[in-house]
Amino acid sequence: MSHGTTPAPTLGTSPNHVDPGPYWLWDYYLGLINQQGVPFNTGPAPSGVIRLNPSSGRQPDGSGGTETTANFNFFYLHTKPSTASPLLPAKGSPGDITAVSNNVETMISYDTLARQPDAAGTGDTMYEIWYGAALSSSSWTATGTKAWLAVPPGAAEQGHGTVVTLSGRRGKSASVYGQPGGTSGNVIGSTPSGSAYLSPWSVTVSGTTWYAINYNHRQAWVPKAEVTSTRTK
């Protein structure tokens, strides 16, 4: 888990940090740690869950172990199952790679709802996921939205964690928090009843279990009271 995947705990501060950035090779870096005897963290492997591990993140492309532009490792989401369709809205200036409001990083798992070949004919596979999109023009609040992730050939592998299905009180949208044990001031977004996310782990704070969820580019948190079901197979 990097600084860039940790949200600000409230909406009072825009969650705009991105370090270590789109050229950090997570697979290569974690592999170096594994070579020192530290085992990879796995856990349950539910069906339909993928983790992005593209070739661009496995080895530096430059000489002397340096990265090149070919090592870019942010992946953007589209509104339809085609790379020719519009991207999800982005906060920040157009073309700013630090505007991490409509993309995901590698080596993070997502539950997929559907998959099909890219209608634009690139050879990519389009996967539909739930994503916390920044739809407001005046706020950083995020809203759970179905979106399509373009994955290059050979870049999707089995992901690990627990799939959690969410619902708020009386079937309303569930609240999403910037930190476990949060109060109403820590709500950073919402997601419709019935939406599902991959949870890599959970913690207990003051007797309440909180699930981390891969909500968008960043991890967020939901209380057990909003989790209607879990799936590990």
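Numerical summary
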| read-out | value |
| --- | --- |
| Single residue of Trp130, Trp201, Trp210, Trp148 found to be farther than 21 Å from Thr230 by Cβ and among the aromatic types (Phe, Trp, Tyr) | Trp148 |
| Test: Ala120 is hydrophobic (A, V, I, L, M, F, W, C), touching a residue at least 24 places away in the same chain (Cβ under 8 Å) and in contact with a strand residue (DSSP E or B) (Cβ under 7 Å, 6 or more places away or on another chain) | no |
| Any chance Thr145 is among the β-branched types (Val, Ile, Thr), assigned to a strand (DSSP E or B), out of contact with any Ser or Thr (no Cβ under 6 Å at 6 or more places or on another chain) and surrounded by 15 or more Cβ atoms within 10 Å (Cβ to Cβ) | yes |
| Only one of Thr232, Thr228, Thr165, Thr183 that is of a type in the set (S, T, N, Q), without any contact (Cβ under 8 Å) to a residue 24 or more places away in the chain and more than 22 Å from Leu88 (Cα to Cα) | Thr183 |
| Members of segment 46-78 found to be surrounded by fewer than 14 Cβ atoms within 10 Å (Cβ to Cβ) and modelled with pLDDT of 95 or more, listed by number | Ser47 |
| Tabulated pairs, segment 149-162, first on the phi > 0 side of the Ramachandran plot, second not small (Gly, Ala, Ser), C-beta under 7 angstrom, 6+ apart or interchain | Gly161/Pro44; Gly161/Val49; Gly161/Leu198; Gly161/Pro200 |
| Residue among Thr122, Thr165 that alone is closer than 27 Å to Lys80 by Cα, among the polar types (S, T, N, Q) and part of a strand (DSSP E or B) | Thr165 |
| Residues (part of a helix (DSSP H, G or I) and either touching a residue at least 12 places away in the same chain (Cβ under 8 Å) or outside the structural domain of Lys146 (by TED's automatic domain parsing) (or both)) located in segment 54-68 | Ser55, Ser56, Gly57 |
| Elements of type strands (runs of 3 or more DSSP E) in segment 73-115, at least 3 residues being out of contact with any Asp or Glu (no Cβ under 6 Å at 6 or more places or on another chain), over 20 Å from Ser56 (Cβ atoms) and outside the structural domain of Pro20 (by TED's automatic domain parsing) | none |
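For every residue, the table says whether it meets (1) of a type in the set (Asp, Glu); (2) under 15 Å from the mean Cα position of the chain (by Cα); (3) under 30 Å from Asp124 (Cβ atoms).
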| residue | (1), (2), (3) |
| --- | --- |
| Pro153 | no, no, yes |
| Thr191 | no, yes, yes |
| Gly194 | no, no, yes |
| Ser206 | no, no, no |
| Trp221 | no, yes, no |
| Lys224 | no, no, no |
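Condition check ((1) out of contact with any helix residue (DSSP H, G or I) (no Cβ under 6 Å at 6 or more places or on another chain); (2) at pLDDT below 95; (3) not assigned by TED's automatic domain parsing to the domain that holds Gly92) across all residues:
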position	(1), (2), (3)
Ser137	yes, yes, no
Thr143	yes, no, no
Val151	yes, no, no
Ser167	yes, no, yes
Ser175	yes, no, yes
Gly178	no, yes, yes
Thr183	yes, yes, yes
Ala196	yes, no, yes
Thr209	no, no, yes
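The values are calculated or read from the model by the stated rules, or taken from the named source; none is laboratory data. Because the structure is a prediction, the values reported are computed rather than measured. Cβ sites come from the backbone with ideal geometry, for glycine too, and all protein chains shown count toward neighbours.
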